[in-house]
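This report refers to the structure that appears directly beneath it.
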Amino acid sequence: MSDTSKPWNSPMPNPQFDLMRRILSAPSPVGLEGAMTYGVLKPHFESFAPADWQLQQFMGHAGVVLDTHPGRDDLFKVMIIGHADKIRMQVRSIGEDGKIWINTDSFLPTVLIGHEVTLFSEDPEAPGRYRRIDGGTVEALGAIHFSDPAQRSGEKGIKKEQIYLDLQIHGENKKQQVENLGVRPGDSIILDRPIRPGFSPDTFYGAYLDNGLGCFVTAEVARLIAEAGGTEQVRVLFTIASYEEIGRFGSRVMAGELRPDAIIAVDVNHDYVAAPGIGDRRMQPLEMGKGFTMSVGAIASEQLNRIIETTAREHDIPMQRDIVGVDTGTDGMAGVLASVDCAATSIGFPIRNMHTISETGYTKDVLAAIHVITRAVKALDALPNPHQEFRNNHPRLDQAGPLAHQGSDKPEKTDK
């Protein structure tokens, strides 16, 4: 039976899954994020946002911010960030034989071979107008028959310089045929694989969970906060950023512009338990299906983490601690990168096969992230003075007390 009071324990409803699919399928390679931000998320925000909330747009990128209390700089500002940009390939040059040589960006070259892609070509005669070319495949060797023995055995890999796009061009003047299509160096290419339900219950897979999922979570938190009547002393900035995949530039611009008091980044994480060859490295046992993840380390605020973890425990929302060392690797770093004084952390969900065409996630982990952030925002709103709460309550390790037991002597847990 579905537990409506704890939706993270129930299958994701079909309309919610369809929204997630629409967000993830929007073609939004780095620098061209408008399909997701303006094409899907902006109208979605406008469909439920109260009249006094305001959508903010930017000049240098296609990010958007839905602001619950525009102009109220006296309120405690919480920025919740997902990033819309997808890693992409780009046309590098066109060969005389019709091969379109491409840069692979943040993909491993070997995970691309044989997959269908979409190329977005800007019309040379009408700058700013784009056309799509479907049906091309990413190739490197052409056939096993043309590879050397080391490649056949797996001892030798594929270099990124060997990757090209094949549009099945044939006949005379192959390069000219490609150029006649308007294909030029710099054109963006993305993988063609919309998400779909997986074989096991409550799973899904496809391309670009990184990080349409963070945008989906941000949008769903906004909807739930709106349906609950908003907030009183917390100004929430529901933020869809850009440029994360090339250095987290979009979010740091937004943090610099809007100067939040707290940042909660939402981004995918790794399922280290399922990752091949990772077990012997003694990574933290993050695992798909065990709940959302919360960053510990780097710039992650212990005060903000305390509120999130307390919220998760109070509502029995499954949580995993993610050890991030010197860098969260997410937009959670936006505040310090923008030289803004703010508390920050990063919330995620373990996925498999990151930066491939078959990224795999678990809907209940995503739902757990949505609802823990929503409830944490409500907990922040209930504080007597959020500004002073963070200024005055930094952890003091000099006040740490000694343990009253030695491990083996620890008393059994009781219900008291």
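Annotations
- Each part gets one Cα centre, and for region 51-113 versus region 235-299 those centres are 15 Å apart.
- For region 29-37, 3J(HN,Hα) computed residue by residue from phi via the Karplus equation (6.51, -1.76, 1.60; θ = phi - 60°) reads x, 3, x, 10, 7, x, 4, 7, 6 Hz, glycine and proline entered as x.
- Choice from F292, F238, F48 showing the highest fluctuation, given a GNM over the chain with Cα pairs closer than 10 Å: F48
- For the cross-link pairs K86/K174; K6/K42; K6/K378, the ones whose C-alpha atoms lie over 25 Å apart are K86/K174; K6/K42.
- Relative packing of peptides 130-143, 364-377, 241-254, 147-160 - highest average C-beta neighbours within 10 Å first: 364-377, 241-254, 130-143, 147-160
- Partners for K175 among lysines (Cα-Cα distance below 19 Å; same-chain residues under 8 apart left out): K99
- Using alpha-carbon coordinates, inclination of helix 302-315 to the longest axis of the chain, degrees: 80 degrees
- Length-normalised contact order for region 89-191 - Cα pairs under 8 Å, 6+ apart - percent: 43 percent
- Length-normalised contact order for the chain - Cα pairs under 8 Å, 6+ apart - percent: 20 percent
- Theoretical ellipticity at 222 nm over the chain - DSSP helices of four or more residues, -39500 (n - 2.57) apiece, nearest 500: -7500 deg cm²/dmol
- Electrostatic tally near F120: other residues with Cβ closer than 12 Å to its Cβ, Lys and Arg +1, Asp and Glu -1, net +1.
- Candidates A382, A84, A51, ranked by Gaussian network fluctuation over the chain, Cα under 10 Å, top entry: A51
- Principal-axis tilt of helix 209-227 within the chain, Cα atoms, nearest 10 degrees: 40 degrees
- Taking the average, over residues, of other Cβ atoms within 10 Å as the packing measure, peptides 258-264, 93-99, 215-221, 200-206 rank 215-221, 258-264, 200-206, 93-99 from highest down.
- Residue-by-residue Karplus 3J(HN,Hα) for region 246-257, coefficients 6.51, -1.76, 1.60, Hz, glycine and proline x: 10, x, 6, 6, x, 5, 6, 5, 5, 5, x, 6
- Its relative contact order, with pairs defined as Cα atoms under 8 Å and 6+ residues apart, puts region 39-110 at 17 percent.
- Label-point separation in nm, R196 to D134, each point 7 Å along Cα→Cβ: 1.4 nm
- Share antiparallel - DSSP beta bridges, the chain, percent rounded to 5: 60 percent
- In order along region 112-129, the Karplus-derived 3J(HN,Hα) couplings, from 6.51 cos²θ - 1.76 cosθ + 1.60 at θ = phi - 60°, round to 8, 4, x, 8, 6, 9, 10, 9, 9, 10, 7, 5, x, 8, 8, x, x, 9 Hz, and Gly and Pro are given as x.
- Summarising the amide proton neighbourhood of D322: residues at separation of 5 or more, or on other chains, whose placed amide H is nearer than 5 Å comprise M294, S295, V296.
FYI, it's all coordinate maths here, none of it is from the lab. Note that the structure is predicted; figures quoted are calculated from it, not measured. For neighbour counting, all protein chains shown are included, and Cβ atoms are generated from backbone atoms with ideal geometry for every residue, glycine included.
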